[in-house]
Amino acid sequence: MKVFDDKHIKNVALLGSHGCGKTTLAETMLFEAGLITRRGRVEDKNTVSDFNEIEHQRGSSVYSTCLHTEWRNYKINIIDTPGLDDLVGETIPALRVADTCILLLNAAHGVEVGTDLVWEHMQRYDRPVIIGINQLDHANADFEATLAQAKEHFGSAVTVMQYPVEQGESFHRIIDLLKMTMYVFKDAGGKPEKQPIPESEKARAEALHKELVEKAAENDEALMEHYFERGELDEDEMRQGLKQGMMQRTCFPVFCLSALRNMGSGRLMGYIDNVAPGALEMPAEELADGGRLACSADGPAVLFTFKTVSEPRSGQITLFKVMSGEVREGVDLMNDNTGSTERLNQLFIVDGKERRPVERLMAGDIGGTIKLKDTATAHTLHAPGARIKLRPIAFPEPRLRQVIRAKDQKLEEKLHAALLEIQKEDPTVTLQYMRETGQQVVGGQGELHLNLLKWKLADKYKVDVDFSAPRIPYRETIRRAAEASYRHKKQTGGSGQFGEVHLRIEPWAEDMPEPAGVSIRGKEVMDLATGGKLVFYNCIVGGVIDNKFMPSILKGVMEKMEKGPLTGSPARDIRVIVHDGKMHPVDSNDISFRIAGLMAFKDAFTQAHPQLMEPIQELEVRVPEDLMGDVMTDLQGRRSVILGIEGQGRHQVIRTYTPLAELDRYSTTLRSLTQGRGTYTERFHAYQPVSAELQNKLVSSHKEEEVAA
Ligand SMILES: Nc1nc2c(ncn2[C@@H]2O[C@H](COP(=O)(O)OP(=O)(O)OP(=O)(O)O)[C@@H](O)[C@H]2O)c(=O)[nH]1
Ligand SMILES: [Mg+2]
């Protein structure tokens, strides 16, 4: 396998909405370069990318796939990403290691919801962008409308490099405004014939060429001077100016394509070679400690892992980008995230499922290795002795959480191990063990994402699972003080039990005065694991209860607080004043006073106007202006308090306080209310009392559950 030097490597990510043609374009780029002799089709399940079973089943990409093509004397690494927003965990790492993003638009649909969503992620990575208007052969193709939408959504940096002479079924000619020539394709596509621009197109082509020259000139003073002097720039000067414009993200060149009919990919690859910036030209990468690492062949060997695949047969496959220096097969590197030493047992490049061995990889290149023992996605590996760690990848918070259970309980452990494996591959799968409900909760980007997780668990790990809504972590507290006492007595032969506790409980509040009318012998203030406070007072006088039994009483109280009397949810923010009791010289012991404390607390709690508290989330719901009405109505139907509405470009951001109990599968509803264009973030805000009506409902359903259990 040929080794390319760092000056002849370009890394591009194919991005865009679902079905715009990314996988087809990748296939065509390999075919046009002669790396494959037969062009596969997504429908025929025989493309280089989309090689996984589930992708064949779904007829679209589920994973990001690495491939490479070689055009003239450049190596172009391609990362084909999935367009579905749920699979953003595959797209983000690609954005992180690509030098240039190719955003594909479907000329028949224009800028789609998926395009806008991926564009928002692209904005965070500040990468140079090429826009490809694909499917120009489609019966509904509309280049002008698509271009206008691109300018509206992505701004004035959108720059026309080419336009189609016709579109739809008859599409076969492209006017190139840099080369000022017309490409004429045969029906089978492939290498076009170059022809002069016909008279009928001259005026339009020259006007657009002029715009392009000005766009190229505006990024460089020297070029601007040349332009003012000569009123023109030559091709090399234009390339120079366009490259600068791409680096400064003031120029997003637009190319014409029909990936399916193999028209336009050669010119696109030529432009990537000659103009798109390579890894060496990109700004130095940010390190975790705020330092910078420039991509150069002379630097220390540094790899950044961006994809991990757990293969039951061959073990873990790790894909990485060489961020600096070069690596050879068999070298030992240090994982800066885990401190472990890792040996690159094998070194290869990948083309879909194919692995092609290479002896070494240079700075800027992308490759893979297997069986690293302690390395996951977004880890930095470097030459021993160096201390370099690249900034981690920021993956989005989960948008949908569900309790996951193995259908066969015996497989729970296997399920957990499988989930940890899957998390290595896909960091957007989150796992959380809810201690108080004993539930394992998985988080994902949406219904599709969790269904794919279910499929993976069944197919790859042979574990069938069920999903269900997570229990709402309610809390219990009291609204007024109450007194209670309890005598626990068991003296039926053998070692007896006896303990009597008299206590008062009160709602606890920050900075409240010490309890009146009692003499405080001891006080404990506890921050409860499930939140809130418990303040426990020993106000026993006259030694009626020996101090050694105080911890027992406290244990009993805490036991009852863990599973509160209303719905079995943790209680919080209560102070307990033990002020009287009785003990028996022989039969009093730890268990007696634990039970007495527990029962006295329980009795007092039920008299203290107990209050169920529910978690309230703070939401930021971002929706297109035209769909705000429906979203507002839906939010109000979820007991939301609207805090404010703020315009943000073509979107409105609604801020609310909404009970968590009203948010199960909200991401799914929001997507359907907004045709996928609405997004939201949520974070815990506070606990608030539920209404009496809701409290009664929850208490009685808890009682029913208890009876049924
Ligand atoms: N007419 C026409 N159809 C195309 C073109 N490119 C792709 N298609 C078709 O569009 C459909 C989707 O193509 P893909 O390549 O799978 O699209 P994608 O962007 O990879 O989709 P995701 O993987 O879901 O993100 C397939 O049926 C292709 O055959 C094109 O240039 N013209
Ligand atoms: Mg695809």
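Values computed for the structure shown
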item: Scan of segment 414-446 for residues that are open to solvent by 20 Å² or more (accessible area, probe 1.4 Å), under 26 Å from GLY531 (Cβ atoms) and among the small types (Gly, Ala, Ser), ordered by number; result: GLY438
item: Where a residue in segment 202-216 is in contact (Cβ under 8 Å) with a residue 12 or more places away in the chain and its partner, wherever it lies, is part of a helix (DSSP H, G or I), with Cβ under 6 Å and at least six apart; result: ALA216/MET238; ALA216/GLY241; ALA216/LEU242
item: Residue in segment 66-74 that is open to solvent by 10 Å² or more (accessible area, probe 1.4 Å), basic (Lys, Arg) and more than 15 Å from ligand 1 (Cβ to nearest atom) present; result: yes
item: Qualifying positions in segment 284-298 - open to solvent by 30 Å² or more (accessible area, probe 1.4 Å) and either within 15 Å of ligand 1 (Cβ to nearest atom) or of a type in the set (A, V, I, L, M) (or both); result: ALA284, ALA288, ALA294, ALA297
item: Residue in segment 150-157 that is away from ligand 1 (no atom under 12 Å from the Cβ), out of contact with any Phe, Trp or Tyr (no Cβ under 9 Å at 6 or more places or on another chain), part of a helix (DSSP H, G or I) and among the hydrophobic types (A, V, I, L, M, F, W, C) present; result: no
item: Residue within segment 90-110 that is of a type in the set (S, T, N, Q), modelled with pLDDT of 95 or more and in a helix (DSSP H, G or I) present; result: yes
item: Long-range neighbours under 7 Å by Cβ, at least six apart or interchain, first residue over 15 Å from CYS256 (Cβ atoms) within segment 177-191, second part of a loop (DSSP other than H, G, I, E, B) and basic (Lys, Arg); result: none
item: Candidates ARG435, ARG479 - the one that is of a type in the set (Lys, Arg) and modelled with pLDDT of 95 or more; result: ARG479
item: Condition met for VAL254 (over 30 Å from the mean Cα position of the chain (by Cα) and either within 30 Å of ARG41 (Cα to Cα) or away from ligand 2 (no atom under 16 Å from the Cβ) (or both)); result: no
item: Helices (runs of 4 or more DSSP H) enclosed by segment 170-283 - at least 2 residues per element that are modelled with pLDDT of 95 or more, within 16 Å of ligand 1 (Cβ to nearest atom) and more than 21 Å from ASP126 (Cβ to Cβ); result: 265-274
item: Scan of segment 60-95 for residues that are over 18 Å from the mean Cα position of the chain (by Cα) and within 18 Å of GLU447 (Cβ to Cβ), ordered by number; result: SER60
item: Failed condition for GLU90, given (1) under 23 Å from PHE306 (Cα atoms); (2) more than 13 Å from ligand 1 (Cβ to nearest atom); (3) open to solvent by 10 Å² or more (accessible area, probe 1.4 Å); (4) charged (D, E, K, R); result: (2)
item: Complete set of residues in segment 137-153 that are more than 21 Å from LYS210 (Cα to Cα) and open to solvent by 10 Å² or more (accessible area, probe 1.4 Å); result: ASP137, HIS138, ALA139, ASN140, ALA141, ASP142, ALA145, GLN149, GLU152, HIS153
item: Close pairs (8 angstrom Cβ cut-off, 6 or more residues apart or separate chains): in contact (Cβ under 8 Å) with a residue 24 or more places away in the chain and exposed (fewer than 13 other Cβ atoms within 10 Å of the Cβ) in segment 309-338, assigned to a strand (DSSP E or B) and of a type in the set (Asp, Glu) anywhere; result: ASP332/GLU342
item: Count - residues of segment 11-23 that are surrounded by fewer than 24 Cβ atoms within 10 Å (Cβ to Cβ) and farther than 19 Å from ILE133 by Cα; result: 0
item: Hits in segment 480-538 - residues which are over 17 Å from ARG594 (Cβ atoms), among the basic types (Lys, Arg) and in contact with a Phe, Trp or Tyr (Cβ under 6 Å, 6 or more places away or on another chain); result: LYS523, LYS533
item: Unique residue being open to solvent by less than 70 Å² (accessible area, probe 1.4 Å), farther than 25 Å from GLY19 by Cβ and touching a Lys or Arg at 6+ places or on another chain (Cβ under 8 Å) when the list is TYR183, TYR163; result: TYR183
item: Subset of segment 452-476 (residues that are touching a Phe, Trp or Tyr at 6+ places or on another chain (Cβ under 9 Å) and open to solvent by 40 Å² or more (accessible area, probe 1.4 Å)); result: LYS454
item: Residue that is farthest from ligand 2 (Cβ to nearest atom) [pool: residues in segment 24-51 that are open to solvent by less than 40 Å² (accessible area, probe 1.4 Å) and part of a loop (DSSP other than H, G, I, E, B)]; result: ALA33
item: Qualifying residue in segment 560-570 (condition: among the acidic types (Asp, Glu), open to solvent by 60 Å² or more (accessible area, probe 1.4 Å) and in the same structural domain as SER485 (by TED's automatic domain parsing)); result: yes
item: Residue among GLU169, GLU193, GLU221 that is open to solvent by 40 Å² or more (accessible area, probe 1.4 Å), over 23 Å from LEU103 (Cβ atoms) and not assigned by TED's automatic domain parsing to the domain that holds LEU105; result: GLU221
item: Selection count where residues are out of contact with any Cys (no Cβ under 7 Å at 6 or more places or on another chain), in a strand (DSSP E or B) and within 11 Å of ligand 2 (Cβ to nearest atom), scope segment 1-23; result: 2
item: Strands (runs of 3 or more DSSP E) lying entirely in segment 449-556 (those with 2 or more residues that are among the small types (Gly, Ala, Ser) and in the same structural domain as ARG594 (by TED's automatic domain parsing)); result: 482-490
item: Members of segment 582-630 found to be modelled with pLDDT under 95, in contact with a Ser or Thr (Cβ under 6 Å, 6 or more places away or on another chain) and hydrophobic (A, V, I, L, M, F, W, C), listed by number; result: VAL623, LEU627
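A quick yes/no check of all residues on (1) on the phi > 0 side of the Ramachandran plot; (2) modelled with pLDDT of 95 or more; (3) among the acidic types (Asp, Glu); (4) touching a helix residue (DSSP H, G or I) at 6+ places or on another chain (Cβ under 7 Å):
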{"site": "GLU483", "(1), (2), (3), (4)": "no, yes, yes, yes"}
{"site": "LYS490", "(1), (2), (3), (4)": "no, no, no, no"}
{"site": "LEU503", "(1), (2), (3), (4)": "no, yes, no, yes"}
{"site": "PRO515", "(1), (2), (3), (4)": "no, no, no, no"}
{"site": "SER519", "(1), (2), (3), (4)": "no, no, no, no"}
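Yes/no matrix, rows are residues, columns are (1) near ligand 1 (Cβ under 10 Å from one of its atoms); (2) under 23 Å from LEU103 (Cβ atoms); (3) hydroxyl-bearing (Ser, Thr, Tyr):
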position	(1), (2), (3)
ASN11	no, yes, no
LEU15	yes, yes, no
GLY21	yes, yes, no
ALA26	yes, yes, no
LEU35	no, no, no
LYS45	no, no, no
VAL62	yes, yes, no
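The values are calculated or read from the model by the stated rules, or taken from the named source; none is laboratory data. Source: prediction; values computed, not measured. Because the Cβ atoms are built from the backbone with ideal geometry, glycine has one as well, and the counts that use them run over all protein chains shown. These area figures cover heavy atoms from the full protein model, side chains too; ligands, DNA and RNA do not enter into them. Shrake-Rupley method; radii C 1.70, N 1.55, O 1.52, S 1.80 Å.
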